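Following: one structure in structure tokens, then a few remarks.
The values are calculated or read from the model by the stated rules, or taken from the named source; none is laboratory data. Since we're looking at a predicted model, the values are computed, not measured. Backbone-built Cβ (ideal geometry, glycine too); neighbour counts: all protein chains shown.
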């Protein structure tokens, strides 16, 4: 599958990030097995917990009744910079995502114009729920 379009849509979603504290903008495009897509961006706050782009995309999808997921494209960089280096999900997101995906689910990242994919096993080996 050509994931370039998913990366481009994640880049668009990234522009909606609210990140006044880190100035790091993340965008994600979640693809469901039926082809439906949901985007997300990171949303920071001055309190205890900010929300990562990946979890925003998943919660939007789940709240709309989606339960089967194929892949998620993730991009991120400092505000005003092009996202050229891979942006891996944080540990909290990896554990959160593992609740809802199977072993074939793909994480799609771009690193210097090269598309790289990972599975949940690559990013969260020996997870207790997979």
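Worth a mention:
- Residue match in the stretch 13-33 (condition: in a helix (DSSP H, G or I), over 13 Å from residue 110 (Cα atoms) and modelled with pLDDT of 95 or more): yes
- Being closer than 13 Å to residue 109 by Cβ, surrounded by fewer than 19 Cβ atoms within 10 Å (Cβ to Cβ) and either touching a strand residue (DSSP E or B) at 6+ places or on another chain (Cβ under 8 Å) or modelled with pLDDT of 95 or more (or both) is a description that applies to residue 85.
- Per-region count, the stretch 51-68, residues within 23 Å of residue 84 (Cβ to Cβ) and not in a helix (DSSP H, G or I): 1
- Yes/no for residue 40 being assigned to a loop (DSSP other than H, G, I, E, B) and modelled with pLDDT of 95 or more: no
- Among residues of the stretch 88-100 being in contact with a strand residue (DSSP E or B) (Cβ under 8 Å, 6 or more places away or on another chain) and surrounded by fewer than 21 Cβ atoms within 10 Å (Cβ to Cβ), the one that is nearest to residue 22 (Cα to Cα) is 88.
- Number of the condition not met by residue 101 [criteria: (1) without any contact (Cβ under 8 Å) to a residue 60 or more places away in the chain; (2) within 14 Å of residue 14 (Cα to Cα); (3) part of a loop (DSSP other than H, G, I, E, B)]: (2)
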